[in-house]
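What follows is a short report on a single structure.
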Amino acid sequence: PIILTSDPSWGNGEACIYGSERITEGWKRCTQKDIENIPDFKKIWYIDIGTQFIPRAIWLIDKGEIKRIHIAREPDWEEENLWDVHSQWWEWTSTRIERKRGKWIYGIDKLHLTNPDPNYFKGATVWTEGSSVVGTPFPSKVIKYFPERNMIYFPGIWFNPPIRHCRYFLENKIQFLDSPGEYFYAETGPFKGRLYIRLPGDENPNGKIIEVAKYPFLIDIKNQSNIEISGLTFRFSNIMNWMLRWVDTM
């Protein structure tokens, strides 16, 4: 047998395999020219990490405690009710389904989709519940936003589409970076490869231990046997691209 393990005589603490890239220094405070349409730009920090990987998760290690830093999102919900983790999400006030070229969804929310800028929600990721008993949310990309109708347009998937009172939230736009404990990575645009962050309490990230997810696979074993893995801790792996790339633009 082949054994991958740890031994207490090798050192103190856990034996860990991380899938992340650790950043402790090099953050710069944003100026107005670094970030547009963000009133609290002085509370946001950035670092250029390049485009070799897309970080889909980030953690802060503070005094031995691991804290998840969320992708910038609206609303700024938390897992407050473990029996209903969607309890702080927004609700559709109505929806409409278009079956042309597949199943497309018009989601209307007269209470929250009120920003007058037609590009404000465009390109964001929307996570929404479905009708009937489909409580597991699915992600999709906002193709178009109609501010005059409080409506976004996005492709659906194979199961029942959302209906009125189904809950949803939006994430992954720099405009949503409006609260502590969030981050945004620029995949495109003039600052492509730039990582923006707001730590809890709006603390300076320099000197902090920040783990940026990089590798989705920590151990890759194929067509092998008689292998034992024990005594190890695996953390901070990256997430595969779950986005359904049906349509990028209209």
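The values are calculated or read from the model by the stated rules, or taken from the named source; none is laboratory data. Please read all numbers here as calculations on a predicted model, not as lab measurements. FYI the Cβ positions are ideal-geometry reconstructions off the backbone, even for glycines, and counts take in every protein chain you see. Please note that ligands, DNA and RNA were not included when accessible areas were found on the heavy atoms of the full protein model with its side chains. Shrake-Rupley method; radii C 1.70, N 1.55, O 1.52, S 1.80 Å.
Brief remarks follow.
- Exposure ranking of Ser132, Ser179 by accessible area [1.4 Å probe, largest first]: Ser132, Ser179
- Heavy-atom accessible area, probed at 1.4 angstrom with all protein chains present, ranks Val142, Val133 as Val133, Val142, highest first.
- Overall form of the range 184-236 per C-alpha gyration tensor (a/c, 1.5; a/b vs b/c): oblate
- Excluding same-chain neighbours fewer than eight residues apart, the lysines reachable from Lys103 by a Cα-Cα span under 19 Å are Lys122, Lys141, Lys144.
- Computing FRET efficiency as 1/(1 + (r/R0)^6) for Lys103 and His70, where r is the C-beta to C-beta distance and R0 is 25 Å, gives about 0.30.
- Separation in nanometres of the label points that stand 7 Å from Cα toward Cβ, at His112 and Glu187: 2.1 nm
- Spin-label pair Lys144-Asp40: with each label point 7 Å from Cα along the Cα-Cβ axis, the two points sit 3.3 nm from one another.
- Spread over its residues, the convex hull of the C-alpha atoms of the range 92-221 is 182 Å³ per residue.
- Against the set (i) 35, 25, 17; (ii) 47, 29, 18; (iii) 25, 22, 17, the structure's computed semi-axes √(5λ) of the Cα gyration tensor in Å falls on (i).
- Förster radius 30 Å - calculated FRET efficiency between Thr31 and Leu4, Cβ distance, rounded to 0.05: 0.05
- If R0 is 45 Å, the Cβ-Cβ spacing of Lys63 and Thr93 corresponds to a FRET efficiency of close to 0.55.
- Percent of Cα-Cα distances greater than 15 Å, calculated over the range 54-141: 73 percent
- Candidate cross-link partners of Lys214 among the aspartates and glutamates, defined by an alpha-carbon separation under 18 Å and a same-chain spacing of 8 or more, comprise Glu21, Glu25, Asp48, Glu182, Glu187.
- Accessible area of the chain belonging to carbon and sulfur atoms, whole % at 1.4 Å probe: 50 percent
- Charge dipole (debye, nearest 20) of the chain; +1 at Cβ of Lys and Arg, -1 at Cβ of Asp and Glu: 1060 debye
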